[in-house]
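Heads up, the thing below is written out as structure tokens.
The values are calculated or read from the model by the stated rules, or taken from the named source; none is laboratory data. As the structure is a computational prediction, the values presented were derived from the model and not from experiment. Virtual Cβ from ideal backbone geometry, glycine too; neighbours counted across all protein chains shown. Note: areas computed on protein heavy atoms with side chains; ligands, DNA, RNA excluded. Shrake-Rupley method; radii C 1.70, N 1.55, O 1.52, S 1.80 Å.
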Amino acid sequence: MPKPVTTLIHHPYQPPAGFAAAQPGVFKASTVIFANVAAMRARDWKEKAGYTYGLHGTPTTFTLEARIATLEGGKHCILVPSGLAAIANVNMALLSAGDEVLLPDNVYGPSKALAEAELKNWGITHQLYDPMDPADLERRISERTKLVWLETPGSVTMEFGPLAQFAATCRRRGVACALDNTWGAGLAFNGFDSGADIVVQALTKYPSGGADILMGSIVTRDDALHLKLKFTHMRMGWGVGANDAEVLLRALPSLALRYREQDRSARQLARWLQGRPEVVQVLHPALEGSPGHAHWKALCAENGLAAGLFSIVFDERHTGAQVDAFCDRLALFKLGYSWGGPVSLVVPYDIPSMRSAQLGTWKHKGTLVRFSIGLEATEDLQADLEQALQALRPADNGSQSSRP
Ligand SMILES: *Cc1c(COP(=O)(O)O)cnc(C)c1O
């Protein structure tokens, strides 16, 4: 008889087979156990037909991968520990020393930082292109260009570019293009039908919906391209935790519901802010007059959807300090990065410091503030914005300085 410490590990009890529940189970593993040496040698994970090691997949991560691939309209999905890791994985798989990668000028900031530091150190150069001008992208493509990143709209300045034209330019010039589809979340439009070869998403945002999970996805339709990305993923050792995967599996069924409601609420608030004298421009691609609105209409008309994300540019008569005070005075909106969660968020940005002066694609003088709309009642959010706008009143107006 083995000792109890051994029996605690190799216990004879097995739960009855056939347990079924609405939600998939959480399987946690580094080690995967094989029945015999032959099974160990024969087992392969590449087609999701078997299990070899936790990093190569478990029932939980395979299930989530299959569902995210469906969400994006793709065939294969690779999970990574964050949205930024998805971007890094694509760069590492497709680029080597001497190559060049092109990024839109309004690209997700940390993606640009990665190009400016690690990619540069590895002998990979980058250029920024005008996010609204396919001719500018075309001019910058050379035989060294091995990857073009697409992202629309920009997640801070919200211009909506001609995505299909950008992708068609890449196709014509024989350059792979990868789309950061975090804004569209697989719901507003289909990234592959728009011409992207690879679609990444920060699952951290809408699919998680809770502001509590970090994860990224890399989706492809092409088998060979998927394997290329998958081998880089395997060699880098980027795994995701089973509990995090399970939280995402639980959140996915309500994704479309949350996205639609956050869109509705954001559009209502954005329209209201359009009528405020403090604001010179509301940047929301679904609103008439916002940069790239026609492109949004062309790409998203079928579903009529937009993310619950928009920015406003304050009239330049309001100082940066006054705009900071406006953000500080908000009570329901919290100061914080990211989006797609239940809590509404606000961030003031210094856009000129984030953009290429050479391209000159940012023309506004006033301060930009970005809002991510959560799931609070829209009228409460509007009342919060209204009371915080008081912070913009000149300080010498005594009757208005009613801050408790
Ligand atoms: C948040 C975000 C990312 C990165 O996601 P993380 O999980 O935070 O690393 C990438 N792209 C866009 C557009 C994002 O908003």
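At a probe radius of 1.4 angstrom, the accessible area of the range 37-253 per residue rounds to 37 square angstrom. To the nearest ten degrees, helix 378-388 and the longest principal axis of the Cα atoms of the chain are 50 degrees apart. What you get for the chain, charging only the Cβ of Lys and Arg (+1) and of Asp and Glu (-1), is a dipole of about 1000 debye around the Cα centre.
Per q in 0.10 1/Å, what log10 I(q)/I(0) does a Debye calculation on the alpha-carbon atoms of the range 255-394 return? Computed log10 I(q)/I(0) values: -0.33. From the largest down, the range 37-253 spans 55, 36, 30 angstrom on the principal axes of its Cα atoms.
For the range 7-37 versus the range 233-251, the inter-centroid distance based on Cα atoms is 19 Å.
Considering only protein heavy atoms and a 1.4 Å probe, what is the carbon-and-sulfur percentage of the accessible area of the chain? Could you put the intermediate results ahead of the total?
On the way: 10390 of 18780 Å².
Carbon and sulfur together cover 55 percent of it.
Here the Karplus relation 6.51 cos²θ - 1.76 cosθ + 1.60, evaluated at θ = phi - 60°, turns the backbone of the range 139-154 into coupling constants of 4, 8, 6, 10, 6, 7, 6, 10, 7, 10, 8, 10, 7, 8, x, x Hz, with x for every Gly and Pro. The trypsin sites (Lys or Arg not before Pro) of the range 124-183 that meet both conditions, a loop assignment by DSSP and at most 16 other Cβ atoms within 10 Å of the site Cβ, are 144.
The charge dipole of the range 37-253, taken about its Cα centre with unit charges on the Cβ of Lys, Arg, Asp and Glu (plus for the first two, minus for the last two), comes to roughly 700 debye.
Convex hull volume of the C-alpha atoms in the range 6-101, normalised per residue: 188 Å³. Mean separation of Cα pairs under 8 Å and 6 or more residues apart, divided by the residue count, gives the chain a relative contact order of 15 percent.
A straight line joining the Cα centroids of the range 269-312 and the range 60-127 runs 28 Å. Would you compute, from DSSP H runs of 4+ residues alone, the mean residue ellipticity of the chain at 222 nm, taking -39500 (n - 2.57) per run and dividing by the full residue count, rounded to the nearest 500? About -10000 deg cm²/dmol.
Highest first, please rank the peptides 160-168, 359-367 by the mean number of other Cβ atoms sitting within 10 Å of their residues.
Details: 160-168: 22.7, 359-367: 16.1.
Descending mean neighbour count gives 160-168, 359-367.
Can you pull the percent of Cα pairs in the range 177-271 with separation above 22 Å? Of all Cα-Cα distances in the range 177-271, 38 percent exceed 22 Å. Within the shell of other residues whose beta carbon sits under 9 angstrom from the beta carbon of residue 57, the net charge comes to 0, with Lys and Arg scored +1 and Asp and Glu -1. By the equivalent-ellipsoid construction on the alpha carbon gyration tensor, the chain comes out with semi-axes of 41, 28, 18 Å, ordered largest to smallest. How far is helix 223-236 tilted off the main Cα axis of the chain, in degrees rounded to 10, range 0 to 90? Computed tilt is about 90 degrees.
With the dipole of the range 292-354 worked out from charges on the C-beta (+1 for Lys and Arg, -1 for Asp and Glu) around the Cα centre, which of 311, 298, 325 lies farthest toward the positive end? Of the candidates, 298 comes out farthest on the positive side. Residue ranking by accessible heavy-atom surface, 1.4 Å probe, largest first, among 288, 376, 151, 302 comes out as 302, 288, 376, 151.
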